[in-house]
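Submitted below is the structure of interest, expressed as structure tokens.
Bear in mind that the values in this text are calculations on the coordinates, not laboratory data. The structure presented is a predicted model; accordingly, all values stated were derived computationally and were not measured. Neighbour counts run over all protein chains shown; Cβ positions are idealised from the backbone, glycine included.
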Amino acid sequence: MTDAAARIPEADPRAGSPVAMPRPDFEVVPRVGIPVVAAIFAALVVAIVANKLWPLVFLHVVFGAAWTILDLFLGFILGPIMRRLSVPARIELTTRLMPRLLLIMPTVVTVTLAAGWQLGTLMGTVNSSYFLHGWVVASYIVVGCLAIIALGLIAPANVAVLMELKKPRPNPAVIQTLMKRFMFSAGFTGALQVAILVIMTRIRSG
Amino acid sequence: MSERALPPVTQLGMTSLALIVAGGIYLAAYLPRQVPLFPAEMLLGASVLVLAVNLLALSRVKTFAWACFFEVAKWALLAYVVLAALIEFALVRDGLSGGTLVILTLSIAVYAVHVPILIAFTVARYQ
């Protein structure tokens, strides 16, 4: 695999010219992960139906932390590193990372939001009479912005870059454009996640 | 890379999503009080209008990888219908009803249709 990647030529200087790039074989959506996602969603449904504090706190905190950490890591750690990698290394990393993210991101977002809403209903923190209601509404606004960027920019770029890499002759310029869009968007959502950390710690502190 | 002139599908899609998100925040911010539904209805109506404009603009594109678009859209739609169903389940389980539930259900429907369009468009435009 590494040897194959090492033979990948540098991006064609005539930007936009598709080139033959040996690259690791991969599935756009890793089928092995689908049962795991289904099990997580089943756990979410059970937690919502049970409406007990501990399962809802567990799902909201664990998946919310995963969402925050992933956004911060992709935006501020991996993004700058990827920009400095050689094209073969970037392709190798992309073909291994992006299919997993295609399953992980929608799952952590959906579980965090659904469990969080149910938790807020159970604890009464979503009620307008809650004494920190302004902070809760601020979290809705930040999460709304996160959702719009994730759904409108990040998810489409994620799928498109994988479909391009699946072609016999992928276009380096298309991959570069889409990856730039993905990493810039991830950086922006990383910054929004800092706002979420501030809001959530403020609410928790009372 | 493609230099074809294409309608601003991504920009319109994000505008449509922003409108339903704003409507959802408006309704959620006043819970459990009953609030006038008119602002949320207007935001949802505007979002549906933008979705319709987006579909119309896209349908008028002559040279486009439609086979690829529909192939990707089909699977993305399946995934986002499942996600939308989970969100809807959480809302119904919380005892939401009446006009608020109708508006939020329609908003979720717009989300479940528009996101697959954005994904399929982004893939197909580079074919």
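With every atom except the alpha carbons ignored, what do you get for Rg and Dmax of chain A, in angstroms?
19.7, 63
Further, regarding this structure: Please list 3J(HN,Hα) in residue order for the range A:140-151, calculated via the Karplus relation 6.51 cos²θ - 1.76 cosθ + 1.60 where θ = phi - 60°; whole Hz, with x for glycine and proline.
Those phi angles translate into 4, 5, 5, 5, x, 5, 4, 5, 5, 5, 5, 7 Hz.
Taking θ as phi - 60°, what are the ³J(HN,Hα) couplings along the range A:52-65 by the Karplus curve (6.51, -1.76, 1.60), each to the nearest whole Hz, with x for Gly and Pro?
Using θ = phi - 60°, the values come out as 9, 5, 4, x, 5, 4, 4, 5, 5, 6, 5, 6, x, 5 Hz.
Describe numerically, in nm with one decimal, the distance between label points set 7 Å from Cα along Cα→Cβ at B:Val82 and at A:His133.
Result for the modelled spin labels: 3.8 nm.
With labels modelled as points extended 7 Å from the Cα through the Cβ direction, what inter-label distance (nm, one decimal) is found for A:Trp54 paired with A:Ala39?
With each label point 7 Å from Cα toward Cβ, the separation is 2.0 nm.
Separate question: What is the magnitude of the charge dipole of the range A:84-188 about its Cα centre, with +1 placed on the Cβ of each Lys and Arg, -1 on the Cβ of each Asp and Glu, and no other charges, expressed in debye to the nearest 20?
Using Cβ point charges on Lys, Arg, Asp and Glu, the range A:84-188 gives about 520 debye.
Place +1 on the Cβ of every Lys and Arg and -1 on the Cβ of every Asp and Glu in the protein assembly as shown, take the dipole about the Cα centre, and give the residue among A:Gly187, B:Leu43, B:Ala57 whose Cα lies farthest towards its positive end.
Result: A:Gly187.
Once both labels are modelled 7 Å past Cα along the beta-carbon direction, what's the A:Leu93-A:Ile69 spacing in nm?
1.9 nm
How many angstrom lie between the Cα centre of the range B:3-78 and the Cα centre of the range A:85-132?
Taking the Cα centre of the range A:85-132 as reference, the centre of the range B:3-78 is 21 Å away.
Looking at the range B:1-94 from every direction and averaging, what is the projected area of its Cα convex hull in nm²?
Mean shadow area of the hull around the Cα atoms is 7.6 nm².
Can you compute the equivalent ellipsoid semi-axes for the range B:64-127, i.e. the square root of 5 times each eigenvalue of the Cα gyration tensor, sorted largest first and rounded to whole Å?
Each semi-axis is the square root of five times an eigenvalue, giving 30, 10, 6 Å.
Sticking with this structure for a sec: Size of the dipole of the protein assembly as shown about the Cα centre, Lys and Arg at +1 and Asp and Glu at -1 on the beta carbon, nothing else charged, in debye to 20?
440 debye
Placing +1 at every Lys and Arg Cβ and -1 at every Asp and Glu Cβ, with all other atoms neutral, what dipole size does chain B have around its Cα centre, in debye to the nearest 20?
Value, rounded to 20: 240 debye.
Let me ask another. Report, in degrees rounded to the nearest 10, the 0 to 90 angle that the Cα long axis of helix B:38-59 makes with the longest principal axis of chain B.
10 degrees
To continue, here is another question. Along the charge dipole of chain A, pointing to its positive end and built from +1/-1 on Cβ of Lys, Arg, Asp and Glu, which listed residue (A:Pro55, A:Pro30, A:Val126) has its Cα farthest out?
The one lying farthest along the dipole's positive direction is A:Pro30.
Hey, another quick one. Given a 10 angstrom Cα cut-off, can you work out which residue in A:Leu146, A:Leu103, A:Leu122 is the most mobile in a GNM of chain A?
Its mean-square fluctuation being the largest, the pick is A:Leu122.
Binning at 10 Å from 0, report for the range A:40-86 what percent of all alpha-carbon pair distances ends up in each bin.
25, 33, 20, 16, 6, 0
Please give the average number of partner chain Cβ atoms lying within 10 Å of the Cβ of each residue in A:145-158, rounded to a whole number.
Partner-chain Cβ atoms within 10 Å, mean over residues of A:145-158: 6.
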